[in-house]
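Novice: So that we are looking at the same thing, I have put the structure below in structure tokens.
The values are calculated or read from the model by the stated rules, or taken from the named source; none is laboratory data. These numbers come from a predicted model, not from an experiment. Here the Cβ positions follow ideal geometry from the backbone for every residue, glycine too, while neighbour counts run over all protein chains shown.
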């Protein structure tokens, strides 16, 4: 069941009604029932993978809780610092062993489901027969999201950054919460449990704000992302040699917007649904194309994934025994670039895993390494860049900010060619086309309308993007656009609301000859 | 102790000294690279071990929170 379907809207209305009708203490049971039902409808089967992760997460959490209590009791009996240190180390070792077992099991499930399909041709080549059991493996809905969310909870429980949950059903609700189970955002147990346990009273204003955010997300998805998708699919679908570089450049620039509109559209819809239920989901986007550097771009794009990798991969590595040893050895060698060795290794690890998490092709791995290398170079070269800037008398201002933004767009642009191309060879041909046959004049000719979008579509897209840009600029200034509209006179207010709904209904890409496209991040 | 912590912060991230909010990491004042460098300098300076569990936004929300963290670890 897609979030953008009539079936989902009916489902949402029923859940909403039931949620506020039942006694406040059992509201979370409604969410749990709705989440399991939503998941089973989406999966069309019994969610074995989700239950396995839920059970192991619950069990591991309980074990960690017990060991932490035992450790506290044992520490009370200790006399000196040395003894305390030894007791701590012994308990930590026990906890770590179980945590590693848990992570290996759950990451193993994720890797199996995600990469089983790649093993089919390899096994066929070596055994001579097609491994039927592997071809029947279907990746469980949202496994990439709920697995990382679950691991986050276990690491936090071990670090005592959140209390251990004693109810299996609450752990299951945390993993399967229906607005975020398929595409995130990644949530933290501490913040979600507090909200699940609160009593929620119906508020008309809140419901309205949630619906507004849902409609805004649908607008981005149906009017912008799916319309751009038609053009991008057609351009990238043909032989690279037959398309001029300028058309590829245009398609890639639009693809950057498509990915953003699609994913942030989903997040707005999920957050809107959740808001009507009085559950706040964390922000996942903060207008990333206004970023002045790649590091800033990734602090604004898929924020919760970045936060997950920072807390559970980067810091875990840096603060580990091996991370500390490398750090100390490099710092002892002076104040040169070597002092950045640990952050750089951490960054490369993070980006290698980010690439793996996103896709199963070599293009995604290179995409991850590309960002890792760029971030590492930025870190090492930071003092040199500052020196050049001073020497060239470059002053901070609008011009400089625009230059930095454009530089970030170019870096993201190159990365997106890599992930949008179905093979490395195709990506290479596209890069070559930018140099050898750019033919910029073709962009102004009728050639641009030969890829599925009419002149009318481009004009419509232009105005839709203009609306989106205006909203983003207001948000960038710190304004809450929904509140700004709510404060306007009733005529202006309803003009805005009905305008967006009408645009959505009339110009959205759905029905007729088109099917609503699945959300892009669902495949990650 | 406070002076030394502020010196370390000044070396890696001057803006942190003037920051008056309470979410330095989320506001982009201090990024993860800076956090790592600050942590390793604090460990060397005060002969303490800052475990990954302490490297959370809450403990790096502003300079006062960092001072409180070091104080707590020294007392442990």
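Novice: Determine whether residue B:64 is within 14 Å of chain A (Cβ to nearest Cβ) and in a helix (DSSP H, G or I).
Specialist: no
Novice: For the stretch A:135-238, give me every one of the helices (runs of 4 or more DSSP H) that falls completely inside it and has 3 or more residues that are within 14 Å of chain B (Cβ to nearest Cβ) and touching a residue at least 60 places away in the same chain (Cβ under 8 Å).
Specialist: A:143-158
Residues are listed down the side, and each one gets a yes or a no for (1) modelled with pLDDT of 90 or more; (2) more than 19 Å from residue A:358 (Cβ to Cβ); (3) touching a helix residue (DSSP H, G or I) at 6+ places or on another chain (Cβ under 6 Å); (4) surrounded by fewer than 20 Cβ atoms within 10 Å (Cβ to Cβ):
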{"site": "A:117", "(1), (2), (3), (4)": "no, no, no, yes"}
{"site": "A:120", "(1), (2), (3), (4)": "no, yes, yes, yes"}
{"site": "A:124", "(1), (2), (3), (4)": "no, yes, no, yes"}
{"site": "A:132", "(1), (2), (3), (4)": "no, yes, no, yes"}
{"site": "A:136", "(1), (2), (3), (4)": "no, yes, no, yes"}
{"site": "A:140", "(1), (2), (3), (4)": "no, no, yes, no"}
{"site": "A:153", "(1), (2), (3), (4)": "yes, yes, yes, no"}
{"site": "A:157", "(1), (2), (3), (4)": "yes, yes, yes, no"}
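Novice: Exactly one of (1) surrounded by 18 or more Cβ atoms within 10 Å (Cβ to Cβ); (2) part of a loop (DSSP other than H, G, I, E, B) is unmet by residue B:42. Its number?
Specialist: Only one criterion is unmet by residue B:42, namely (2).
Novice: Which one is nearest to the other protein chains (Cβ to nearest Cβ) among residues in the stretch A:335-392 that are over 17 Å from residue A:404 (Cα atoms) and in a loop (DSSP other than H, G, I, E, B)?
Specialist: A:335
Novice: Still on this model: Would you confirm, using the coordinates I've provided, whether residue B:2 is surrounded by fewer than 21 Cβ atoms within 10 Å (Cβ to Cβ) and either within 12 Å of chain A (Cβ to nearest Cβ) or without any contact (Cβ under 8 Å) to a residue 40 or more places away in the chain (or both)?
Specialist: no
Novice: Going by the conditions given, is residue A:267 part of a helix (DSSP H, G or I), touching a residue at least 60 places away in the same chain (Cβ under 8 Å) and either in contact with a strand residue (DSSP E or B) (Cβ under 9 Å, 6 or more places away or on another chain) or closer than 30 Å to residue A:435 by Cβ (or both)?
Specialist: The answer is no for residue A:267.
Novice: Would you mind finding the one in A:29, A:63 that is under 30 Å from residue A:111 (Cβ atoms) and in a helix (DSSP H, G or I)?
Specialist: A:63
Novice: Cβ-Cβ distance below 7 Å, separation of 6 or more or different chains: which pairs start in the stretch A:305-320 with a residue that is more than 7 Å from chain B (Cβ to nearest Cβ) and under 24 Å from residue A:180 (Cα atoms) and end on one that is modelled with pLDDT of 90 or more and outside any helix (DSSP H, G or I)?
Specialist: A:305/A:186; A:308/A:186
For every residue, the table says whether it meets (1) more than 24 Å from residue A:182 (Cβ to Cβ); (2) surrounded by fewer than 17 Cβ atoms within 10 Å (Cβ to Cβ); (3) in contact with a strand residue (DSSP E or B) (Cβ under 6 Å, 6 or more places away or on another chain).
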{"position": "A:4", "(1), (2), (3)": "no, no, no"}
{"position": "A:14", "(1), (2), (3)": "no, yes, no"}
{"position": "A:18", "(1), (2), (3)": "no, yes, no"}
{"position": "A:37", "(1), (2), (3)": "no, yes, no"}
{"position": "A:44", "(1), (2), (3)": "no, yes, no"}
{"position": "A:49", "(1), (2), (3)": "no, no, no"}
{"position": "A:66", "(1), (2), (3)": "yes, yes, no"}
{"position": "A:70", "(1), (2), (3)": "yes, yes, no"}
